[in-house]
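Asks: Dropping a structure here in structure tokens format, bear with me for questions.
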Amino acid sequence: MRTLTVRARAAAAPAITPDIPRTRLTREQREAWVMALYLGGATVDEIAFVLGTARASVRQMVMDAGLARHRGARNIDVLVIMSEVRRAGTLTLREVAARIGYSEETVRHSIAALGMTESVRRLFRLRRRAARRVAVANSDLTLEALTLPTISQRRLAAVRVA
């Protein structure tokens with residue numbers, strides 16, 4: 001007797017048909033897609049990911065076409081950066097960058113452009129010092145009495161007599 005087994009398939013996400021064909025593109029087609037996507041505002045990394053090509057080749061196609069680079073086109077909100085710096089408990093620029101999604105270098109350069117480097121450095125230094133003091137104050141250090149031997153029980157230093 002034969003037993004039939006049925007495998008239950010997990011409910012798969014509906015298949016999305018991308019506009020960009022996943023078949024081999026000719027060089028002209030790839031260049032056309034790169035130009036269309038780049039002029040549409042996509043970054044070189046995004047285009048390389050979508051087309052499945054190397055980032056360097058996409059960058060080269062953009063440069064060969066003589067298009068203006070998107071570099072620096074990202075609007076950086078310095079007010080958000082400074083509000084995160086002023087937020088209680090913030091101790092480093094790395095924390096600020098992680099919270100708002102910018103790189104640490106972007107945060108550092110933005111603060112420098114505002115002329116706030118020394119002020120922010122001083123603020124973080126004071127906060128770290130205060131955090132250390134709070135940590136020490138909250139630690140449960142118990143001082144126990146040490147039992148010291150009396151003077152008569154101590155060993156006397158050996159004296160060499162010649």
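Asks: Report the residue count in segment 90-116 for those that are open to solvent by 50 Å² or more (accessible area, probe 1.4 Å) and part of a helix (DSSP H, G or I).
Replies: Total meeting the criteria: 11.
Asks: Tell me which of these Glu84 doesn't satisfy, since it passes every other one: (1) surrounded by 10 or more Cβ atoms within 10 Å (Cβ to Cβ); (2) out of contact with any Lys or Arg (no Cβ under 8 Å at 6 or more places or on another chain); (3) modelled with pLDDT of 85 or more.
Replies: (2)
Asks: Name the pairs whose Cβ atoms lie under 6 Å apart, with the first residue in segment 48-74 and at negative phi and at pLDDT 85 or above, the second charged (D, E, K, R) and buried (at least 16 other Cβ atoms within 10 Å of the Cβ), and 6 or more positions between them or separate chains?
Replies: Met61/Glu31
The values are calculated or read from the model by the stated rules, or taken from the named source; none is laboratory data. All figures in this text were calculated on a predicted structure; none of them were measured in a lab. With ideal geometry, Cβ positions are generated from the backbone for all residues, glycine too; neighbour counts draw on all protein chains shown. Only protein heavy atoms, including side chains, enter the accessible area calculation; ligands, DNA and RNA are left aside. Shrake-Rupley method; radii C 1.70, N 1.55, O 1.52, S 1.80 Å.
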